[in-house]
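Inspection log for the structure reproduced underneath, given as structure tokens.
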Amino acid sequence: RPRLSAEEARRRLNPALEVTRVQLALIPDQAGTGEVLTYEFQGQTGEDIYLVYINAETGAEEQILQLIVTDGGTFAL
């Protein structure tokens with residue numbers, strides 16, 4: 001179970017991010033030896049789309065990915 005609520009985690013985001021989706025997600029930890037329970041926030045700033053992962057236990061920002069949508073598919077940077 002997450003220690004933080006989705007709303008508590010959302011308060012850690014940049015206010016410019018317009019959130020379109022929130023869900024729990026497991027992502028690899030920095031060492032690559034385990035997993036971290038996070039809230040995955042998908043949102044936009046202007047035309048750019050991002051996935052922001054906030055640790056559901058500590059509230060720390062774990063990862064930010066920018067999604068690039070092309071005719072050939074969607075890529076994460």
Checklist line | Subset tally (residues that are within 16 Å of Asp29 (Cα to Cα), hydroxyl-bearing (Ser, Thr, Tyr) and under 11 Å from the mean Cα position of the chain (by Cα)) for segment 41-68 | finding: 1
Checklist line | Filtered residue count, segment 20-56, keeping only those that are over 18 Å from Val69 (Cβ atoms) and touching a Leu at 6+ places or on another chain (Cβ under 9 Å) | finding: 13
Item checked: strands (runs of 3 or more DSSP E) completely within segment 7-77 that count 3 or more residues being of a type in the set (A, V, I, L, M) and out of contact with any Lys or Arg (no Cβ under 6 Å at 6 or more places or on another chain) -> 18-28, 48-55, 61-70
Check: If we keep just the residues of segment 13-71 that are touching a strand residue (DSSP E or B) at 6+ places or on another chain (Cβ under 8 Å) and of a type in the set (Ser, Thr, Tyr), which is least open to solvent (accessible area, probe 1.4 Å)?
Finding: Thr38
Note to self: If Glu61 meets every condition in (1) within 23 Å of Phe75 (Cα to Cα); (2) touching a helix residue (DSSP H, G or I) at 6+ places or on another chain (Cβ under 7 Å); (3) not basic (Lys, Arg) apart from one, which number is that one?
What the structure shows: (2)
Check: Name the pairs whose Cβ atoms lie under 8 Å apart, with the first residue in segment 1-20 and closer than 12 Å to Gln44 by Cα, the second part of a loop (DSSP other than H, G, I, E, B), and 6 or more positions between them or separate chains?
Finding: Val19/Leu13
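The values are calculated or read from the model by the stated rules, or taken from the named source; none is laboratory data. Fair warning: this is a prediction, and the values are worked out from it, not measured in the lab. For neighbour counting, all protein chains shown are included, and Cβ atoms are generated from backbone atoms with ideal geometry for every residue, glycine included. Heavy atoms of the whole protein, side chains included, go into the accessibility calculation; ligands, DNA and RNA do not. Shrake-Rupley method; radii C 1.70, N 1.55, O 1.52, S 1.80 Å.
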